[in-house]
1. Closer than 30 Å to ASP140 by Cβ, crowded, with 19+ Cβ neighbours inside 10 Å and out of contact with any strand residue (DSSP E or B) (no Cβ under 6 Å at 6 or more places or on another chain): is that true of LEU240 in this structure?
2. Is at least one residue of region 295-310 buried (at least 17 other Cβ atoms within 10 Å of the Cβ) and closer than 30 Å to ILE61 by Cβ?
3. Evaluate region 234-242: report whether one residue or more is in a strand (DSSP E or B) and closer than 18 Å to GLY160 by Cα.
4. Of all residues in region 160-218, how many are more than 21 Å from ASN239 (Cβ to Cβ), in contact with a helix residue (DSSP H, G or I) (Cβ under 9 Å, 6 or more places away or on another chain) and β-branched (Val, Ile, Thr)?
5. I'd like to know if region 306-320 contains one or more residues that are among the hydrophobic types (A, V, I, L, M, F, W, C), part of a strand (DSSP E or B), at pLDDT below 85 and over 26 Å from ALA150 (Cβ atoms).
6. For the structure I just gave you, tell me whether ASP177 is charged (D, E, K, R) and in contact with a Lys or Arg (Cβ under 8 Å, 6 or more places away or on another chain).
7. What is the one condition in (1) over 22 Å from the mean Cα position of the chain (by Cα); (2) under 30 Å from MET229 (Cβ atoms); (3) not hydroxyl-bearing (Ser, Thr, Tyr) that LYS250 does not satisfy?
8. Might you check whether a residue that is part of a loop (DSSP other than H, G, I, E, B), on the phi > 0 side of the Ramachandran plot and either surrounded by 15 or more Cβ atoms within 10 Å (Cβ to Cβ) or at pLDDT 80 or above (or both) occurs anywhere in region 248-265?
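The values are calculated or read from the model by the stated rules, or taken from the named source; none is laboratory data. All of these numbers come straight from a predicted model, not from anything done at the bench. Here Cβ is always computed from backbone atoms with ideal geometry, including for glycine, and neighbour counts include all displayed protein chains.
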Amino acid sequence: MIFEQLRLRVLFVILVAAVCYGIALDLGKNPWIYTFIGGWVATIIVIAERGLTKVSIRKLISGAVGLGAGLVVANLIAYPLLLIASLRELSPWILLSANLVCACIGLTVGIKREEDIFDFFSHISGKKTQTKGDAYKILDTSVIIDGRIAEICETSFMEGVLLIPQFVLTEVQQIADSASTTKRARGKRGLDIVNRLQIQEFVPVQIIDTDFPEIPEVDSKLIQLAKTMGAKIVTNDYNLKKVAKIQNIKVLNINELATALKPVLLPGESLRINILKEGENPNQGVAYLEDGTMVVVEGGKKYIGKEKDVTVTSVLQTTTGKMIFTEVKEEGEKDRRKFRSKTN
């Protein structure tokens, strides 16, 4: 892919140089000078094109606004100076210098003041626009394979535009083509989620071709893309989140969202659960809530495979999530009756 792009760019430079050579011959001029100029201009275009593909549309627009403003200011300054007789001989150099200096300043200021420029135009138009961080959210491989992002979008809780880089899509495809059955199933689910995201009508989804061939790792590409576009990264990868935060990139973690949305259960509340297996301690049974929270049932071993009503006795917060300790409702009531009869 990289060599193909390089070959096309080299062919473009050669083609422009050859055209300039032919035009110079027709005009009776020195062909090599025109060939050199044409090749030089084509090379500048190629370099500019490589740089511009890494710049967000917002920055291009704000840079263009700054450049235009700089050129206007340059001419407002330069033309009054040309009215001075002693400076008329230097008019080409004055105009060139003023335009170059003011254009560079305007371009730099326009890019750096991107938010202010868009806020100004939104204020004039009377429309409130989203900031760049809210507008773009980049999905990584882990969150696509996880699949919950599709359900979040369909509930209209996600705002802005979801971006799926082509290099992330390629990684998902490679996982789907893996020799491992488990990896292949996860990769295929990821591709299904991408299709589901494109079909849903709640949040716009774009697949972008922006790439960084000089960066081999997908995570590093994601961080560079987020920096370039001023976007947030949506991920389930804890290490990617840590690296992104070090570089001041905002991260949305689906696992953290799921943890925050787990229901709060207090001692004394009742649940109806399906006891699935034996616990670590004698006579314990283990069940799971729909969100994956583990429920430990004291005295639940004999009820494995059955649905039982249980009462929450305590809730323990661990580094991996919450554990809920319960007792079978019938057993708890029996114990309490026995205790009351003994005390009486």
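1. It is true that LEU240 is closer than 30 Å to ASP140 by Cβ, crowded, with 19+ Cβ neighbours inside 10 Å and out of contact with any strand residue (DSSP E or B) (no Cβ under 6 Å at 6 or more places or on another chain).
2. Checking region 295-310: not a single residue is buried (at least 17 other Cβ atoms within 10 Å of the Cβ) and closer than 30 Å to ILE61 by Cβ.
3. yes
4. The total comes to 8.
5. yes
6. Yes; evaluated as a whole, the condition is true for this residue.
7. (1)
8. The answer is yes, given that some residue of region 248-265 is part of a loop (DSSP other than H, G, I, E, B), on the phi > 0 side of the Ramachandran plot and either surrounded by 15 or more Cβ atoms within 10 Å (Cβ to Cβ) or at pLDDT 80 or above (or both).
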